[in-house]
Amino acid sequence: MGRIKDLTGQRFGKLMVLEITDKRDLHNSVIWKCKCDCGNIAYVSNSNLQGGQKSCGCLREERLKEHRKKNFNLVGKRFGKLVVLEQAGVDKYQHSLWKCKCDCGNIVIVRRESLTLGMTRSCGCMVMKHLEDIKENNSVDNTNIAIIKKLISNNKSKVTKSGIKGVGWSKKREKWISYIMFQKKQHILGYFTELEDAIKARKEAEEKYFKSFLEKHNKK
Ligand SMILES: [Zn+2]
Ligand SMILES: [Zn+2]
């Protein structure tokens with residue numbers, strides 16, 4: 001066995017070598033007992049010390065933390081009409097939630113991914129305004145053909161918690177609520193434990209209200 005260079009008292013980044021141990025790593029490299037500047041005692045192999053290890057692991061963690069902090073914090077950032085005010089905990093799927101103020105004045109809670117992926121860019125007022133715009137000249141029997149056609153072709157929603165139009169989460173009942181707006185009246189279709197059932201109820205109502213309305217209208 002070759003002579004081992006004594007590293008006692010030498011410093012490697014934040015690591016101060018205290019003493020040699022009789023331990024060896026898998027490659028039979030001597031393991032040194034070191035003290036890290038953070039206070040941790042670390043056992044580091046000769047090859048790792050020579051290979052550039054500079055802390056007990058805390059340096060890497062610090063960098064990771066910093067990186068996460070920089071990327072995690074959304075406060076003050078703008079997404080469309082929304083400006084992030086503060087973090088608002090997590091939802092039941094552990095998605096981080098952020099309280100945002102919309103340019104229109106509304107306060108909304110939005111999931112982080114919805115903001116960063118550009119799915120949510122207002123409190124919903126942009127969608128509403130769009131609907132108002134097409135409402136003007138497209139109304140029959142108090143019902144908007146264009147909106148209904150749009151609703152049938154695309155049931156995705158940026159506003160509801162389920163991501164599906166007409167299917168929301170009732171905090172009070174802790175159930176999914178299914179509803180449909182038809183001829184300016186909101187019809188509650190029921191409360192459901194399973195999201196699928198709520199979506200199904202909404203689908204059935206769309207058939208019942210929208211499609212029959214369109215068929216009737218098309219015949220005219
Ligand atoms: Zn350390
Ligand atoms: Zn708004």
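The values are calculated or read from the model by the stated rules, or taken from the named source; none is laboratory data. All figures in this text were calculated on a predicted structure; none of them were measured in a lab. Please note: Cβ atoms are built from the backbone with ideal geometry, for glycine as well, and neighbour counts cover all protein chains shown. Just the protein is used for accessible areas: all its heavy atoms, side chains included, with ligands, DNA and RNA removed. Shrake-Rupley method; radii C 1.70, N 1.55, O 1.52, S 1.80 Å.
What the table shows:
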{"read-out": "Strands (runs of 3 or more DSSP E) fully within the stretch 1-109 counting 1 or more residues that are under 20 Å from Met119 (Cα atoms), open to solvent by 60 Å² or more (accessible area, probe 1.4 Å) and away from ligand 1 (no atom under 14 Å from the Cβ)", "value": "82-90, 96-102"}
{"read-out": "Residues of the stretch 171-188 classified as surrounded by fewer than 19 Cβ atoms within 10 Å (Cβ to Cβ) and over 21 Å from Cys125 (Cα atoms), total", "value": "7"}
{"read-out": "Subset tally (residues that are in contact with a helix residue (DSSP H, G or I) (Cβ under 7 Å, 6 or more places away or on another chain) and open to solvent by 40 Å² or more (accessible area, probe 1.4 Å)) for the stretch 193-210", "value": "0"}
